[in-house]
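Only the coordinates and a few stated rules stand behind these numbers; no lab work does. None of the values given here were measured: they were computed from a predicted structure. Every residue, glycine as well, gets a Cβ built from its backbone with ideal geometry; the counts of neighbours run over all protein chains shown.
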Amino acid sequence: MSYAEFLPDKSLRPFIECYWIHSNNLLPHIVLPDGCIDIVFNEATGFVVGTMTTPIIVEPLGDFVGVRFRSGKASTFLDFDASELTDQKTELRNVAGRDGSALVESLFDAKNFTEKIKLLNKNLSSWFRDKNNGNVDYVIRKIMESQGNVSINSICHSLDLSRQHLARLFQEFVGIRPKQFARVIRFQALLKNVGQSPKINWADEAAMLGYYDQAHLISDFRQFSGTSPEKFTTTR
């Protein structure tokens, strides 16, 4: 199994985090929530995976090519409300019409990954729509800068927005509410720490990342990974 990421054209980088390729011919692969929406291409199919709140298992079906949008930016290219796809997937043609079908076909015919990247850059640039929300972008940035340890009420107060209104905006652009998004980002920060250290003190991690206590950390970890922190670290 191998995985690699590649940057899109500069003009697309504010909206697209990366293109990626995943060769998986032997074992199932667990994909964990990261607050992003992806387009995934495999053989002659293309589908959009919505923002996840639980892990999914990808079966070994050869090479996958993907587009990972930055949080809240998928609707800049796709015609949909992000909440419609939370923890679900749909064929690309359902949210990109004929353009989506044409891209799937052209990628299938591409000779190599370099050619696929050129096709992705060209097609996604032509799909661009000026659909963004400054308040959503601001809150996403604040949540990510704090690694999910931030008061949503305080942010709402600073923007003079009700919590209910911000929740509706987040569901439209991100697919989940701000508080849940913050939990996912904090989980991702925890995963990064786990990957950098051979030995983890879970109580210290809980305090550093703003969990109520170690039990709170374990509960969130189970929801987003499907297993306990201890089992996760012994099998990684």
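Ordering 127-137, 48-58 by mean Cβ neighbour count within 10 Å, with the highest value first, yields 48-58, 127-137. Seen against the Cα atoms of the chain and their longest principal axis, helix 214-225 is set at about 10 degrees. May I ask you to list the aspartates and glutamates whose Cα is less than 12 Å away from that of Lys118, ignoring any residue fewer than eight positions away on the same chain? Cross-link targets: Asp9. Counting 0.36 nm for each residue step from Thr114 to Glu84 and taking away their Cα separation leaves a gain of 7.6 nm. How large is the helix-only mean residue ellipticity at 222 nm for the chain, computed as the sum of -39500 (n - 2.57) over DSSP H runs with n ≥ 4, divided by its residue count, in deg cm²/dmol to the nearest 500? Here the helix-only value at 222 nm equals -14500 deg cm²/dmol.
Peptides 151-160, 200-209, ordered by how many other C-beta atoms sit within 10 Å of their residues on average, highest first, read 200-209, 151-160. In summary, the lysines within cross-link reach of Lys111, defined as a Cα separation below 17 angstrom excluding same-chain residues under 8 places away, comprise Lys122. Leaving out same-chain residues fewer than 8 places away, which lysines sit with a Cα under 30 Å from that of Lys231? Correct list for Lys231: Lys89, Lys179, Lys192, Lys199. Stokes-Einstein diffusion for the chain at 4 °C, viscosity 1.567 mPa s, with a Kirkwood radius from C-alpha pairs, works out to 69 µm²/s.
Go ahead and run the numbers for FRET between Lys199 and Tyr3, Cβ-Cβ distance against an R0 of 41 Å, rounding to 0.05. The calculated FRET efficiency here is 0.95. Reported to the nearest whole Å, the Cα centre-to-centre distance from region 157-236 to region 1-77 is 20.
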